[in-house]
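Quick note: the coordinates plus some simple rules give every number you see, no bench work behind them. Computed from a predicted structure; not experimentally measured. Counting neighbours? That spans all protein chains shown, and the Cβs are built from the backbone with ideal geometry, glycine included.
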Amino acid sequence: MEPIRVAVTGAAGAIGYALVPRIACGAVFGPDRPVILQLLELTPVLSALEGVRMELEDCAPSTLAGIECTDKAEEAFDRAQAIFLVGAKPRGKGQERKDLIRDNAGIFKVQGKAINDAASRDARVIVVGNPCNTNCLIAMSHAPNIPAANWSAMVRLDQNRAKAQLANKTSRPVSDVKKMAIWGNHSATQYPSVQHATIGGRAVRDVVTDKEWLDESFIKTVQQRGKAIIDARGASSATSAANAAIDHMREWFLGTPNGDWSSIGVPSDGFYDVPEGLVCGVPTVCRGDGTYDIIRDLELDDFGRPLFAKTVKELEEERDAVRDLLGS
Ligand code: NAX
């Protein structure tokens, strides 16, 4: 089988270090699809990246068909068919979210242009680096050669966190929890909705009768989980973030399991009255051929509507903060 070219930025960072060995070992594209890894890092981090390269070789995975390490975006994205944009500047101490957005906007503008010039026209891109929805919006605005439907932001970690909370609460296996939707931004305003979710085939609200838990602590726990991990570990989620990026890309390429949904941040075409272009978390079903169908016929209830409106408003504010940096 023809190898697939996979680019990963920030590959020597915490998420990258957890992510690239699993891609190399077949976790995304399956045990029969060889991969060529094209890894991008900042120049001062190239030596650490060389260490990652040596470790990847030492895993000796049968699916690894090549590794290229570089500090040049065009080389990393050259003919890439799957692209993980992980590298970003972390939020500095006391730094405002809007300043971080502008700092990172520069990175995603440059990388969007490089993807446009160098990547395969059918490349699928996931943006992990925060603020991932708006970074995705910036990058895609500079890449007119790559169709909008090929761009995405990662809300999968939120979906996995929500499923795990529901499984723990009901002492059921996580595989029993289906159709967990993450609406909006990957931030503390996101709306993790159980309205259409099921546990063992039954509506969540029929299985979990503790309304206060569902409406208050469940939502807060999912929204604040990233902060709770930083408080406990002294560092942000890395293994679970890498795992979520793998789940996101695997389902995009190979399909959503039957009866379930994949929550993905995708560019709005006007769905659910979200302003066109905003990259917004919605439930989808991935067909297994690199395309997905947005679940379009849901009606959010009175509880969910204002929560969705709030997170969409935040996405609009983030877009407005970088409007001058957007391409055509
Ligand atoms: P690290 O700081 O450990 O690693 C980031 C790496 O990116 C560094 O090695 C750095 O040298 C590299 N880098 C920075 N600018 C670059 C550029 N222009 N080109 C190439 N490489 C570049 O952070 P890590 O913990 O790996 O997190 C990476 C990003 O993921 C952060 O923005 C973080 O906020 C975000 N996250 C997103 C999540 C999500 O669910 N969407 C969850 C986890 C994580 O918080």
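Table for the structure above
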{"item": "Computed lengthening from Lys310 to Lys72, 0.36 nm per intervening residue step minus Cα-Cα distance", "result": "81.8 nm"}
{"item": "Between segment 102-176 and segment 83-99, the Cα center-to-center distance that results, in Å", "result": "14"}
{"item": "Amide H within-cut-off set for Cys280, under 5 Å, with H built and near neighbours excluded", "result": "Val266, Ser268"}
{"item": "Förster radius 30 Å - calculated FRET efficiency between Ala149 and Arg172, Cβ distance, rounded to 0.05", "result": "0.30"}
{"item": "Ranked Val194, Val8, criterion: other C-beta atoms within 10 Å, fewest first", "result": "Val194, Val8"}
{"item": "For Lys179, Lys313, order by how many other beta-carbon atoms lie within 10 Å, fewest first", "result": "Lys313, Lys179"}
{"item": "Packing-based order for 108-114, 236-242, using average beta carbon neighbours within 10 Å, highest first", "result": "108-114, 236-242"}
{"item": "Helix-only mean residue ellipticity at 222 nm for the chain, each DSSP H run of n ≥ 4 adding -39500 (n - 2.57), per residue, nearest 500", "result": "-12500 deg cm²/dmol"}
{"item": "Degrees, to the nearest 10: 14-24 long Cα axis against longest axis of the chain", "result": "80"}
{"item": "Qualifying lysines (Cα of each under 23 Å from Cα of Lys178; at least 8 residues distant if same chain)", "result": "Lys163, Lys169, Lys211, Lys220"}
{"item": "Assigned charges on the beta-carbon of Lys, Arg, Asp, Glu; the chain dipole about Cα centre (debye)", "result": "540"}
{"item": "The chain - share of DSSP beta bridges that are antiparallel (%, nearest 5)", "result": "45"}
{"item": "Segment 4-153 - charge dipole about Cα centre, Lys and Arg +1 at Cβ, Asp and Glu -1, debye rounded to 20", "result": "620"}
{"item": "Set of lysines near Lys89 by C-alpha distance (under 19 Å), chain-local residues within fewer than 8 positions excluded", "result": "Lys72, Lys98, Lys109, Lys113, Lys227"}
{"item": "Which of Cys286, Cys59 has the fewest Cβ neighbours within 10 Å, and the rest in rising order", "result": "Cys59, Cys286"}
{"item": "Aspartates and glutamates whose Cα lies under 15 Å from that of Lys313, excluding same-chain neighbours fewer than 8 positions away", "result": "Asp273, Glu276"}
{"item": "For the chain, the longest site-free run once GluC sites (Glu not before Pro) in DSSP loop states with at most 13 other Cβ atoms within 10 Å are removed", "result": "97-275"}
{"item": "Selection from Gly281, Val266, Leu39, by position along the positive dipole direction of the chain (Cβ)", "result": "Gly281"}
